[in-house]
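One structure is given here, and the rest of the page talks about it.
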Amino acid sequence: MQMLFPLAPEPETESREKGRLLFAGPVEFLKGVVAMDGLPPPDRLEVCFAGRSNVGKSSLINALTGRKALARASNTPGRTQEINYFTTAGPYLVDLPGYGYAEAPKAVVEKWQRLLKSYLAGRATLRRAFVLIDTRHGIKPVDDEILTLLDRSAVTFQVVLTKADKVSQADREMILAQVRGAVAKHPAAYPELIVTSSENGDGIETLRAVIATLA
């Protein structure tokens, strides 16, 4: 019987090279957006990265692009409160504000959650959302809220597990089973998972190749 939501296969030579070339070219910060009217013109496709605060989103973007400080990694969850746009030779890379951080001021949380939801529901050039899930914790209710929003917005999303180096193989398999069960309930889910580690580079070439094939 075929497994639901298998791991994405290792990229073939051609797609691996396409991914390498995409991120070997210029990748630059374009702007931070605090309201929908500040979004850049929809003149190219874009992919976005969403995830709970402290899921390792900035570290993953830095690993993906091969730049140590392109995205601002912080030990303080909830620091990123803007939609940050980065240019590549292909699609925009869009770093969304982290969600699910309850210790920020309530008004601040509500403001950036509204911005996040407006973006996900209303950006016609958004080709795919990569939803980052911490391999140590799996999918939590706050993640499920975002996945449901993506379903309603008809935005295809793909789950990317982060920090895979932090767990044992046995624990990883247990979390993968939990993630597979959770995402199977969502019609907008792309049927492959990507497991990554920003520390040792696992899955980075695969993610680069996936993004390059969307361009």
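For this structure, a couple of remarks:
- Which of 170, 9, 35, positive extreme of dipole for the chain (C-beta unit charges): 35
- Rounded to the nearest whole Hz, the Karplus-based 3J(HN,Hα) values (6.51 cos²θ - 1.76 cosθ + 1.60, θ = phi - 60°) of the stretch 196-206 follow the sequence 10, 9, 6, 6, 10, x, 4, x, 5, 4, 5, with x at glycine and proline.
- Its DSSP H runs of at least 4 residues, each contributing -39,500 (n - 2.57), put the calculated 222 nm mean residue ellipticity of the chain at -11500 deg cm²/dmol, to the nearest 500.
- Along the stretch 119-128 the Karplus relation, 6.51 cos²θ - 1.76 cosθ + 1.60 evaluated at θ = phi - 60°, assigns HN-Hα couplings of 5, 4, 8, x, 9, 5, 8, 6, 7, 7 Hz to successive residues, with x for each Gly and Pro.
- Computed over the chain, relative contact order equals 29 percent, with contacts defined as Cα pairs under 8 Å that lie 6+ residues apart.
- The value given for the chain is a Kirkwood hydrodynamic radius of 17.3 Å, derived from the mean inverse Cα-Cα separation.
- Charge dipole (Cα centre; +1 on Lys/Arg Cβ, -1 on Asp/Glu Cβ; no other charges) of the chain amounts to roughly 460 debye.
- Lys, Arg +1 and Asp, Glu -1 on Cβ, resulting dipole of the stretch 117-215 about Cα centre, debye, nearest 20: 360
Where a number appears in this text, it was derived from the coordinates with a stated rule and is not lab data. In this text, all values refer to a predicted model and were calculated from it rather than measured experimentally. As a convention, Cβ positions derive from the backbone with ideal geometry for all residues, glycine included, and neighbour counts pool all protein chains shown.
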